[in-house]
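The structure under discussion appears below in the form of structure tokens.
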Amino acid sequence: MSTITALTTQVYSVYIRATPEQVWDAITQPEWTARYFYGARIEVGPEWRKVYSPDGGDDWGSTSVTEFDPPRRLVHEWKSSYNPELAVEEPSRVSWEIEAQEDGTTLLTVVHDQLEGAPKTAESVSGNGWMYVLSGLKTLLETGEPLAG
Amino acid sequence: MNDDRVFRALADPTRRHLLDRLFERDGRTLTELESELEMTRFGVMKHLRVLEDAGLVVTRREGREKLHFLNPVPIRLVHDRWIDKYTEHRVAVLADLKHELEDSA
């Protein structure tokens with residue numbers, strides 16, 4: 001792949017046939033995230049976003065939540081605790097924006113920014129990283145089944 | 001329905017060129033993008049609008065600037081829906097042929 005610069009802000013969006021409330025639940029409740037977020041069990045409350053390994057055993061760390069406005073907007077700090085090499089980098093920021101559309105679908109936009117101090121994380125989440133999460137989330141909410149493979 | 005917009009957006013060389021520019025460096029203004037194309041500002045705006053309607057480009061305001069970001073998710077979805085399906089089939093056909101040839105040998 002060619003050199004990519006300016007990965008310090010990344011934007012991803014997807015239309016999902018679901019309500020904003022369903023999308024909100026799917027990004028804040030561990031029983032949902034386990035089915036599309038690389039198996040990670042993620043629990044989000046007004047102050048903390050807690051991440052556990054797929055079997056629920058290992059604590060993959062907590063990051064602070066800076067905006068918690070169900071079912072519209074969630075902003076939290078990001079640390080790549082799942083990978084020791086990335087975990088030592090500076091924290092970055094992830095914003096989830098959820099907007100109901102006139103046709104009954106919901107537009108979900110993820111902005112991962114403030115990545116200046118985390119170049120390896122930036123590289124890791126770009127390309128397939130967030131894309132896999134978002135296409136998995138869409139498939140799960142629309143079909144009730146996780147992405148195959 | 002959304003696939004139609006993605007295919008239509010990708011069917012134009014100028015728009016593919018714009019996506020390539022954003023792939024190289026994301027988060028650019030209209031002025032920056034325009035400077036790399038032999039086209040009027042209005043023409044570039046029209047193409048960006050088609051890309052935006054297809055969800056392939058997302059714009060964000062940062063201060064006084066409107067920045068354009070490449071959103072690869074719709075391409076991934078088209079890939080999952082249209083490419084995986086047919087390539088899997090082709091692989092399966094070849095696998096069957098291999099079995100048949102080997103069995104009859």
Comparing A:Asp103, A:Asp25, A:Asp59, which has the greatest mean-square fluctuation in the GNM of chain A with Cα pairs linked when under 10 Å apart? A:Asp103
How many Cβ atoms of partner chains, on average, are near each residue of B:50-62 if near means within 10 Å of its Cβ? 2
Helix A:128-143 against the longest principal axis of chain A: what's the angle in degrees, Cα atoms only, rounded to the nearest 10? 20 degrees
Please list, short to long, the whole-number percent of alpha-carbon pairs of segment A:25-149 in consecutive 10 angstrom bins beginning at zero. 13, 44, 37, 6, 0
Taking Cα atoms only, helix B:41-53 is inclined relative to the longest principal axis of chain B by an angle, in degrees rounded to 10, of 50 degrees
Relative contact order of chain B, pairs being alpha-carbon contacts under 8 Å that are 6 or more residues apart, as %: 26 percent
Among B:His89, B:His17, B:His68: highest mean-square fluctuation, GNM of chain B, C-alpha pairs under 10 Å: B:His89
Taking each residue in A:11-18, count the Cβ atoms of any other chain within 10 Å of its Cβ, then average. What number comes out? 5
Identify all lysines with a Cα-Cα distance to A:Lys50 below 30 Å; exclude those on the same chain that are fewer than 8 residues away in sequence. A:Lys79, A:Lys120, A:Lys138
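FYI, it's all coordinate maths here, none of it is from the lab. Since this is a predicted model, take the numbers as computed values, not measurements. Reconstructed Cβ throughout: ideal geometry from the backbone, glycine too, with neighbour counts over all protein chains shown.
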